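The values are calculated or read from the model by the stated rules, or taken from the named source; none is laboratory data. In this text, all values refer to a predicted model and were calculated from it rather than measured experimentally. Reconstructed Cβ throughout: ideal geometry from the backbone, glycine too, with neighbour counts over all protein chains shown.
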Amino acid sequence: MAVYTDVAADDLADFLRAYEIGDLLSYKGIAEGVENTNFLLHTTRGSFILTLYEKRVASGDLPYFLALMAHLAARGVSCPQPEKTRDGEICGALSGRPAVIINFLEGVWPRRPSAVHCAGVGEALAKMHLAGLDFPYTRANPLSVGGWRPLFEIAAPRADEIQPGLRDFIAAELDHLEGRWPRHLPTGVIHADLFPDNVFFIGDQLSGLIDFPFSCNDILAYDVAICLNAWCFEPDHAFNVTKARALLAAYQRARPLSEAEQAALPLLARGAALRFLLTRLVDFLDVPEGALVRPKDPLEYFRKLRFQQNVASIRDYGVEAAGAVA
């Protein structure tokens, strides 16, 4: 979440007249995150989130995201639901951007995830994957392996400003991954961005998954790899094998990984690290002037990628291979 686009109070009040969510009392921008513009709304009927979709979200993809949230909720996955207008629409336009209002989920995201949090997200991710198996729509992942080189070409001329040698490092990793990326693993609906700030907890109990604008159809184990990178490293960049074991064990209790998925997991984790290194690098080098946004450090994912390059097998994540969970 972030704020790239300012919204005037009068324009927001006009926009809200199409909804039956009460009168606007206050609103404020949410600075966390990097992708879309988000506001917390307080009205006479409660709290809501207003999202204006920015550069990486095409308006034509919104029906997929919104239908997916309804599909998952109907199957017991706690996630926000869009508010409909009086005319039954779920997407409008505000300040020149596609805009959606969703209900507010109770809970907070964990600033310092514990092994208990990691187990919770592992279980929730597996249940989301299973719930999405009969989702009738598909959306290709624009930020899978085929989308990484175009991102690199955008960032390459200035990559060494961030760290000397970064351009050549990324180029070599791209060559390695493009030639080895798995093509025959189980696929389905993935979240593709399940970072700690997209998972709410009340105490140690997971209360909901949010922020679905990167959801798509891709390799299910790739979603697991994204979570390993997002949840299992400490602030000093050390990998926490206890957290990884908790996440993978909880995931596999609900949806066991096949032998092929387990064997591919280290490579998928390298790809996941490169994907976020590239998008963070592009964003870091191109923050719009005046945007209320905190660009995330691309070198965090450089360090994670260096770790993943040295992972030999799933055993390095604390889990025995061939389906036996440690």
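Could you look through segment 118-141, keep only residues that are of a type outside the set (A, V, I, L, M, F, W, C) and surrounded by 15 or more Cβ atoms within 10 Å (Cβ to Cβ), and pick out the one that is nearest to Phe239 (Cα to Cα)? So the residue we want is Gly122.
For segment 181-233, the tally of residues that are crowded, with 24+ Cβ neighbours inside 10 Å, hydrophobic (A, V, I, L, M, F, W, C) and in a loop (DSSP other than H, G, I, E, B) stands at 2.
Taken together, the criteria place Ala291 among residues that are modelled with pLDDT under 95 and either on the phi > 0 side of the Ramachandran plot or surrounded by fewer than 21 Cβ atoms within 10 Å (Cβ to Cβ) (or both).
Taken together, the criteria exclude Thr85 from residues that are modelled with pLDDT of 95 or more, among the β-branched types (Val, Ile, Thr) and touching a strand residue (DSSP E or B) at 6+ places or on another chain (Cβ under 6 Å).
Pairing residues of segment 96-110 that are in contact (Cβ under 8 Å) with a residue 24 or more places away in the chain and surrounded by fewer than 18 Cβ atoms within 10 Å (Cβ to Cβ) with residues that are aliphatic (A, V, I, L, M) and part of a loop (DSSP other than H, G, I, E, B), at Cβ distances under 8 Å and at least 6 apart in sequence or on separate chains, gives Leu105/Ile210. Here segment 94-133 is the region considered, the condition is being in a helix (DSSP H, G or I) and not aliphatic (A, V, I, L, M), and the residue that is farthest from Asn240 (Cα to Cα) is Gly132.
Given the criteria within 18 Å of Ile190 (Cβ to Cβ) and of a type outside the set (S, T, N, Q), does Leu50 qualify?
Working: within 18 Å of Ile190 (Cβ to Cβ): no; of a type outside the set (S, T, N, Q): yes.
Answer is no for this residue.
Among the residues making up segment 142-184, those that are in contact (Cβ under 8 Å) with a residue 24 or more places away in the chain and over 16 Å from Arg270 (Cα atoms) are Pro142, Leu151, Ile154, Ala155, Arg158, Ala159, Glu161, Ile162, Gln163, His184. Among the residues of this structure, Leu278 counts as one that is surrounded by 23 or more Cβ atoms within 10 Å (Cβ to Cβ), at pLDDT 95 or above and either of a type in the set (A, V, I, L, M, F, W, C) or not assigned by TED's automatic domain parsing to the domain that holds Pro157 (or both). Of all the residues in segment 109-130, those that are under 16 Å from the mean Cα position of the chain (by Cα) and aliphatic (A, V, I, L, M) number 5. Ala70 falls short on exactly one of the conditions (1) surrounded by fewer than 19 Cβ atoms within 10 Å (Cβ to Cβ); (2) aliphatic (A, V, I, L, M); (3) modelled with pLDDT under 90, and that condition is (3).
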